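Read through the structure below, which is laid out as structure tokens, and then see the notes.
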Amino acid sequence: MSEFWLISAPGDKENLQALERMNTVTSKSNLSYNTKFAIPDFKVGTLDSLVGLSDELGKLDTFAESLIKRMAQSVVEVMEDSKGKVQENLLANGGVKENMKCLKIDLTSFVTHFEWDMAKYPAKQPLVNVVDTLAKQLAQIESDLKSRTAAYSALKTTLENLEKRSTGNLFTRTLSDIVSKEDFVLDSEYLVTLLVIVPKPSYAQWRKTYESLSDMVVPRSTKLIAEDNEGGLFTVTLFLKVIDDFKIKAKENKFTVREFFYDEKEIKREREEMTRLLSDKKQQYQTSCVALKKGSSTYRDHKVKVTPLGNPDRPAAGQTDRERESEGEGEGPLLRWLKVNFSEAFVAWIHIKALRVFVESVLRYGLPVNFQAVLLQPHKKSATKRLREVLNSVFRHLDEVAAASILDASVEIPGLQLSNQDYFPYVYFHIDLGLLD
């Protein structure tokens, strides 16, 4: 499952024993895979400031999750021709080093082996500063995401409009990729070549009557140059002064004169524009063997998938110039940016989860700071109800009223504003890695 439960309990002897009982029961019943979740000691400040931070972190958590889901969806859109490879591009910078290069690991591995990034978010700073750094980082990524995806969407829309013009019927589609210079009489003072759309059942009628639709039509000047399911595009050459008369007579016979002027420069410009837009769109996503090559590394008994860190337009923290030059070869700029900044946003999101556990644990269990955080990964969806029952039973002593209310929805907790399903005797936060669901 891609679902995780991040919980904490007081770190005294009684509750550490309770955690051991939880591990024993969940292991024997095959309910979840549990690991300790290391959170550094922060400068706590006042309890009033922690209450304010708790509310701010809740909002930041929601914002971060929404942002990484939008970024994941953007990767899907950019990789429209290779959607089967999307998941392997949604990775996180795990801080692992191989040949002095930062490596990315799959999201589950990052969460289960989380380590606080002291370089980026120093624990010695006041908590409010750490939260502010995370908020500014995510705000910048969102701003860049909006501008980049807007530019890409505009490019797609322009290209789609051009493609529609080249795939419609003979009445609406562009003719620049159909006609050629040889189809027209050009640079004549007296003659002009018209293009006429003739329904398929009327081909014989057209060939029999076109010369007599008006005076001064050049004999044997018609030629079928293109057709679709409904009709064909014919040329006909006549004198300039009878154009209006010919159009009226053609319409009476259900032949449609398509307004078109052959301009070699304009046709060349239109073709080049289509080629350029197709190239620009393709260049936003290019996959190289280097970018998709997978290696492996091992964290104890857990297999960790790794790939080289991509090369962003705006470099990620900790990368050297040499690394930025050698990595991300063959990838388009938008996909490269999405991969690297998805990693940055995801890493920030898990740090926010860690901060929420710290703040809520201090508010719940008091000072001095003493709690143990544990990450649980339910083995299957059907086991979550039983897992919740085990946790509520093991930690019932932390809040008897809350524990009772979980079993009996009619019991209200005085002063508690949260709904019963959101509150448990222990600190609890949910992490869902199903970003594409």
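The values are calculated or read from the model by the stated rules, or taken from the named source; none is laboratory data. All figures in this text were calculated on a predicted structure; none of them were measured in a lab. With ideal geometry, Cβ positions are generated from the backbone for all residues, glycine too; neighbour counts draw on all protein chains shown. The area values use the complete protein model at the heavy-atom level, side chains included, leaving out ligands, DNA and RNA. Shrake-Rupley method; radii C 1.70, N 1.55, O 1.52, S 1.80 Å.
Which of the residues belonging to the range 44-60 are part of a helix (DSSP H, G or I) and either among the hydroxyl-bearing types (S, T, Y) or in contact with a strand residue (DSSP E or B) (Cβ under 9 Å, 6 or more places away or on another chain) (or both)?
Of all residues in the range 44-60, those part of a helix (DSSP H, G or I) come to 47-60.
Correct list: S49, S54.
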**Asked** Among D183, D228, D215, which is surrounded by 14 or more Cβ atoms within 10 Å (Cβ to Cβ) and either aliphatic (A, V, I, L, M) or more than 20 Å from I267 (Cα to Cα) (or both)?
**Response** D228
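Out of the residues in the range 391-404 that are of a type outside the set (G, A, S) and surrounded by fewer than 17 Cβ atoms within 10 Å (Cβ to Cβ), which is modelled with the highest pLDDT? Don't jump to the end; show me each part of the working.
First, the residues of the range 391-404 that are of a type outside the set (G, A, S): 391-392, 394-401.
This time we only want the ones that are surrounded by fewer than 17 Cβ atoms within 10 Å (Cβ to Cβ), so: 397, 400-401.
Values: H397: 91, E400: 77, V401: 73.
Of everything passing the filter in the range 391-404, H397 is modelled with the highest pLDDT.
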**Prompt:** Can you spot a residue in the range 200-210 that is on the phi < 0 side of the Ramachandran plot and either part of a strand (DSSP E or B) or surrounded by 18 or more Cβ atoms within 10 Å (Cβ to Cβ) (or both)?
**Reply:** yes
**Prompt:** Any idea how many residues of the range 45-75 are touching a helix residue (DSSP H, G or I) at 6+ places or on another chain (Cβ under 6 Å), of a type in the set (A, V, I, L, M) and farther than 21 Å from V111 by Cβ?
**Reply:** 2
**Prompt:** Restricting to the range 142-180, what's the tally of residues that are open to solvent by 40 Å² or more (accessible area, probe 1.4 Å), among the charged types (D, E, K, R) and more than 26 Å from N229 (Cα to Cα)?
**Reply:** 3
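Provide a single number: the residues in the range 159-181 that are in a helix (DSSP H, G or I) and in contact with a helix residue (DSSP H, G or I) (Cβ under 6 Å, 6 or more places away or on another chain).
Pass one, the range 159-181, residues in a helix (DSSP H, G or I): 159-167, 181.
Still in the running and in contact with a helix residue (DSSP H, G or I) (Cβ under 6 Å, 6 or more places away or on another chain): 159, 162.
Residues meeting the conditions: 2.
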**Request:** Report, by residue number, each residue of the range 363-389 that is open to solvent by less than 10 Å² (accessible area, probe 1.4 Å) and in a helix (DSSP H, G or I).
**Result:** A383, L387
**Asked** Do you know which residues across the range 234-250 are closer than 21 Å to F171 by Cβ and either surrounded by fewer than 22 Cβ atoms within 10 Å (Cβ to Cβ) or in contact with a Lys or Arg (Cβ under 6 Å, 6 or more places away or on another chain) (or both)?
**Response** T235, I243, D244, K247, I248, K249
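Being open to solvent by 40 Å² or more (accessible area, probe 1.4 Å), assigned to a helix (DSSP H, G or I) and at pLDDT 95 or above: is that true of E360 here?
Values: open to solvent by 40 Å² or more (accessible area, probe 1.4 Å): yes; assigned to a helix (DSSP H, G or I): yes; at pLDDT 95 or above: yes.
It is true that E360 is open to solvent by 40 Å² or more (accessible area, probe 1.4 Å), assigned to a helix (DSSP H, G or I) and at pLDDT 95 or above.
How about the range 182-199: which of its residues are part of a strand (DSSP E or B), within 26 Å of T172 (Cβ to Cβ) and either more than 56 Å from the chain's Cα centre (by Cα) or not hydroxyl-bearing (S, T, Y) (or both)? Show your work before the answer.
If we filter the range 182-199 for residues that are part of a strand (DSSP E or B), which is where we start, we get 191-199.
Going one step further and asking which of them are within 26 Å of T172 (Cβ to Cβ), we end up with 192-199.
Those that are part of a strand (DSSP E or B), within 26 Å of T172 (Cβ to Cβ) and either more than 56 Å from the chain's Cα centre (by Cα) or not hydroxyl-bearing (S, T, Y) (or both): V192, L194, L195, V196, I197, V198, P199.
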**Asked** So how many residues does the range 102-125 have that are of a type in the set (S, T, N, Q) and closer than 17 Å to D41 by Cβ?
**Response** 1
**Near pairs, Cβ below 6 angstrom, 6+ apart or cross-chain, from the range 191-213 (more than 17 Å from D245 (Cα to Cα)) to any residue that is modelled with pLDDT of 95 or more and assigned to a helix (DSSP H, G or I)** = V198/W206
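This table checks each residue for (1) under 17 Å from I431 (Cβ atoms); (2) modelled with pLDDT under 90; (3) open to solvent by less than 30 Å² (accessible area, probe 1.4 Å).
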| position | (1), (2), (3) |
| --- | --- |
| E3 | yes, no, yes |
| L6 | yes, no, yes |
| G11 | no, no, yes |
| L16 | no, no, no |
| N23 | no, no, no |
| N30 | no, no, no |
| L57 | yes, no, yes |
| K97 | no, yes, no |
